[in-house]
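Participant: Just passing along the structure, written as structure tokens.
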Amino acid sequence: MRLLLVEDDERVAAALAAVLRKHGLSVTHARNGEEALRALLPEPGPAYDVVLLDLGLPDQDGFEVCSRIRRQAAIPVIMVTARADVRSRIHGLNLGADDYVVKPYDTGELLARIHAVARRHTQEAAEALPAAQDPVLRPQPGALWLGPVSVELPTRRVTVEGEDIALTRKEFDLLALLAQRPGVVFRREQIISEVWRTSWEGTGRTLEVHVASLRSKLRLPALIETVRGVGYRLVVPA
Ligand code: CA
């Protein structure tokens, strides 16, 4: 397992890296947001299985780094922070973080979480293959065309009138889910379970946030229609 540790505190980073290496992880240390993003560039940088991201970085806000990582690479991110408040936590998860650990943490628990997100990510990647059993999330070859919008499932690329639109991982998953059955109403619980793989109640608000951000990023507010009291459906523009 290859881990990218983003932490500006040398002492904390050295101690944590030592523990993680003792547990068989290969650890690369990035001291700030810029180094982290550079390390994640697909060419010629190495690939990682998990990013452990400290939110308090000297050069950039950790939340901003998280959302840039999301735009750049499909890799699980665990945020590490002293900010224990629920708001930060929800904000982090909205930006596509896969998990959230509050300092001071127990190393055993951290290791368990690292393995859990990596495992979940590998499973999701396997399920995204064309041979997957899930009839809803199974990608079709090539792109789905929804009026001016194209959604390429294998490459996770979205364009509007030929222009690339950068989406977070969950935004893409949500769009891809709705786009595979235009006109069909998806229930909120169904979407939350498919996209977030949880039935956690707090995700309800997260879903709204993602729908709003998709509408605005695609500049097509009518693309995703709210079906009051039920859920959402995708309406293909004429
Ligand atoms: Ca820090």
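The values are calculated or read from the model by the stated rules, or taken from the named source; none is laboratory data. Not measured: the values here are computed from a predicted model. For neighbour counting, all protein chains shown are included, and Cβ atoms are generated from backbone atoms with ideal geometry for every residue, glycine included. For accessibility, only protein heavy atoms count, side chains too; no ligands or nucleic acids. Shrake-Rupley method; radii C 1.70, N 1.55, O 1.52, S 1.80 Å.
Participant: Work out, in µm²/s and without decimals, the Stokes-Einstein translational diffusion coefficient of segment 136-234 at 10 °C, 1.306 mPa s, Rh from Kirkwood over C-alpha pairs. Could you put the intermediate results ahead of the total?
Facilitator: Details: Rh = 13.5 Å.
D = 118 µm²/s.
Participant: Follow-up question, since we're still on this one. Among Asp106, Asp61, Asp98, which one shows the highest mean-square fluctuation when the chain is modelled as a Gaussian network with alpha-carbon springs under 10 Å?
Facilitator: The residue with the greatest mean-square fluctuation here is Asp106.
Participant: Rolling a 1.4 Å sphere over the protein heavy atoms, what is the accessible area per residue of the chain, to the nearest Å²? Intermediate values should be presented prior to the final figure.
Facilitator: Working: 11830 Å² over 238 residues.
Counting only protein heavy atoms, the per-residue value for the chain is 50 Å².
Participant: Can you pull the one-decimal nm distance between simple spin-label points at Thr159 and Asp61, each 7 Å off the Cα toward Cβ?
Facilitator: 3.2
Participant: Let me ask something else. Under 28 Å Cα to Cα from Lys217, which lysines show up? Leave out anything in the same chain fewer than 8 places away.
Facilitator: Straight-distance partners of Lys217: Lys170.
Participant: Carbon and sulfur atoms: what percent of the 1.4 Å accessible area of the chain do they account for?
Facilitator: After summing per-atom areas, the C and S share lands at 54 percent.
Participant: Here's something else I'd like to know. Restricting to segment 1-67, what percent of DSSP beta bridges are antiparallel, rounded to 5?
Facilitator: 10
Participant: A further question on this structure: Between Arg197 and Ser26, what is the label-point separation in nm under the 7 Å Cα-to-beta-carbon projection?
Facilitator: 2.4
Participant: Can you give the accessible area of Ser216 in Å² (nearest 10), computed on protein heavy atoms with a 1.4 Å probe?
Facilitator: Taking all protein chains as shown, Ser216 has close to 80 Å².
Participant: What spacing in nm lies between the two simple spin-label points modelled at Arg38 and Thr107, each 7 Å away from Cα in the Cβ direction?
Facilitator: 2.9
Participant: Looking at the chain, which longest stretch skips every one of the GluC sites (Glu not before Pro) that is in a DSSP loop with at most 14 other Cβ atoms within 10 Å, leaving the sites themselves out?
Facilitator: Longest run free of exposed loop sites: 1-160.
Participant: Using a cut-off of 16 Å between alpha-carbon atoms, which aspartates and glutamates can reach Lys22, once sequence neighbours fewer than 8 places away in the same chain are excluded?
Facilitator: Straight-distance partners of Lys22: Asp106, Glu109.
Participant: How large is the Kirkwood hydrodynamic radius of the chain, in angstrom, based on all distinct alpha carbon pairs?
Facilitator: 18.8
Participant: Quick check: Cα centre of segment 213-233 to Cα centre of segment 51-95, how many Å?
Facilitator: 26
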